[in-house]
Structures are given as structure tokens and as C-alpha cells.
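Novice: Have a look at the structure that comes next, please.
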Amino acid sequence: MTIKVGDTMPTGTFKTMTAEGPKELTTAQLFNGKKVLLVSVPGAFTPTCHAKHLPGYVKENAELKAKGIDTIAFMAVNDVHVMDAWGKASNVGDDILMLADGNGDYVKALGLELDLHSAGMGVRGKRFSVVVDNGVVKQLNVEPPGQFNVSSAQCALEQL
């Protein structure tokens, strides 16, 4: 079943790169007491994700935070090293938290997995954005396959 507005985010863990190396980050650490804009993409370095999706959030980071977002996080079904390399290549610095959902467990818990076996990519996450306030879904924008509109930084700015 797909998560919806008003639901509590499921519990889970991500991997993120720190100065000490890869570390686990729980959903409690990510969401509790904060307003988080979580963005999911089918894959790091993929054409739309790399050329349009992440750059929009890098550009609009300050404006999104001025509208009350505490943390902007990007998630993909990739390993922590790929997410770290993508963040560095995209100059996210400390502005955007790069989260690895390596086995796709979290997108499956959200009901937002995407079967890309036909493209040789296995199971990934759909392209979406979700505003989470203290663990509760306040906005959810899921893209139809192959599209990039409602999960963009510009759309998030208009909705906040």
C-alpha cells in the first residue's frame, strides 16, 4: 500500500557518508522534530536525476529552507559510495543530505518502488517528493513514469 498524506512515515534506515565513513541514519534521526523534504529518484547520475532534479534543489536550497524546511534529503536505490560521489559531483556540500536505500527496503515500505528490470536496473524508487513534518506526511508528489514535474524544486517552492 502506498503512503499518503496524513500517514506516519514507516521506520527504516539509510546509509549516508560521514567524515568517519559510511554510517546508518534511522528515520527517527531524520524526521523526529524536523520538517524534511525527502526526494526520491530512480538513480544517481541518471540523465534527468543528474541534469535536472538534483541541480534544482541545489539552486533553490536557501529558498526552501527559508520556507521552513530543516533538511533536504535525496534518496536513491544506490549504495552509499555512489550517493556520496553523486553529491560531491553535484556540489551539494552540507546543503543536501544524500541517502542510500541500497536494497530498496525503504521505497518498498513506502509502496513507491519502481520495477526497472526491463531497463536492466532492477527495482528502484519512483521519482517523488514528500514533505514530512515530525514524521507525518504533509505533502506527497509522485511522478508518473518517465516524467519530471511535480517533484521538482520549483513545485516544492510553490507548495510551501
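The values are calculated or read from the model by the stated rules, or taken from the named source; none is laboratory data. Since the model is a prediction, treat every value here as computed from it, not as a measurement. Glycine gets a Cβ as well: all are built from the backbone with ideal geometry, and neighbour counts include every protein chain shown.
Novice: Could you say which residue among 15, 52 is surrounded by fewer than 19 Cβ atoms within 10 Å (Cβ to Cβ) and not small (Gly, Ala, Ser)? Working first, answer last.
Specialist: On the way: 15 fails: surrounded by fewer than 19 Cβ atoms within 10 Å (Cβ to Cβ).
Of 15, 52, the one residue that is surrounded by fewer than 19 Cβ atoms within 10 Å (Cβ to Cβ) and not small (Gly, Ala, Ser) is 52.
Novice: Tally the residues that are assigned to a helix (DSSP H, G or I) and under 13 Å from the mean Cα position of the chain (by Cα), restricting the search to region 87-133.
Specialist: Taking region 87-133 first, the residues assigned to a helix (DSSP H, G or I) are 87-89, 105-110, 117-119.
Those still in the list that are under 13 Å from the mean Cα position of the chain (by Cα) too: 87, 106-107, 110.
Matching residues across region 87-133 total 4.
Novice: Consider region 71-83. How many of its residues are in contact (Cβ under 8 Å) with a residue 60 or more places away in the chain and within 15 Å of residue 55 (Cα to Cα)? Steps first, answer last, please.
Specialist: Initially, region 71-83 is screened for residues in contact (Cβ under 8 Å) with a residue 60 or more places away in the chain, giving 75, 79-81, 83.
Next cut, within 15 Å of residue 55 (Cα to Cα) only: 75, 83.
Summing the residues that are in contact (Cβ under 8 Å) with a residue 60 or more places away in the chain and within 15 Å of residue 55 (Cα to Cα) in region 71-83 gives 2.
Novice: Does region 134-147 hold any residues that are crowded, with 18+ Cβ neighbours inside 10 Å, touching a residue at least 24 places away in the same chain (Cβ under 8 Å) and assigned to a loop (DSSP other than H, G, I, E, B), and which are they?
Specialist: 135
Per-residue answers, yes or no, for (1) in a loop (DSSP other than H, G, I, E, B); (2) surrounded by fewer than 19 Cβ atoms within 10 Å (Cβ to Cβ):
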residue	(1), (2)
1	yes, yes
6	yes, yes
11	yes, yes
23	no, yes
29	no, yes
44	yes, no
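Novice: For region 31-42, name all the residues that are in contact with a Gly (Cβ under 7 Å, 6 or more places away or on another chain) and in a strand (DSSP E or B).
Specialist: Passing the criteria: 35, 40.
Novice: Give 81, 53 a once-over and let me know the one that is at pLDDT 95 or above, part of a helix (DSSP H, G or I) and on the phi < 0 side of the Ramachandran plot. Don't jump to the end; show me each part of the working.
Specialist: Details: 53 fails: at pLDDT 95 or above.
Testing whether each residue is at pLDDT 95 or above, part of a helix (DSSP H, G or I) and on the phi < 0 side of the Ramachandran plot leaves just 81.
Novice: Restricted to region 59-79, and to residues that are more than 17 Å from residue 158 (Cβ to Cβ) and under 13 Å from the mean Cα position of the chain (by Cα), which residue is surrounded by the fewest Cβ atoms within 10 Å (Cβ to Cβ)?
Specialist: Initially, region 59-79 is screened for residues more than 17 Å from residue 158 (Cβ to Cβ), giving 70-71, 73-79.
In the following step, the residues that additionally are under 13 Å from the mean Cα position of the chain (by Cα) were identified as 71, 73-78.
Working: 71: 16, 73: 21, 74: 25, 75: 23, 76: 28, 77: 27, 78: 26.
So the residue we want is 71.
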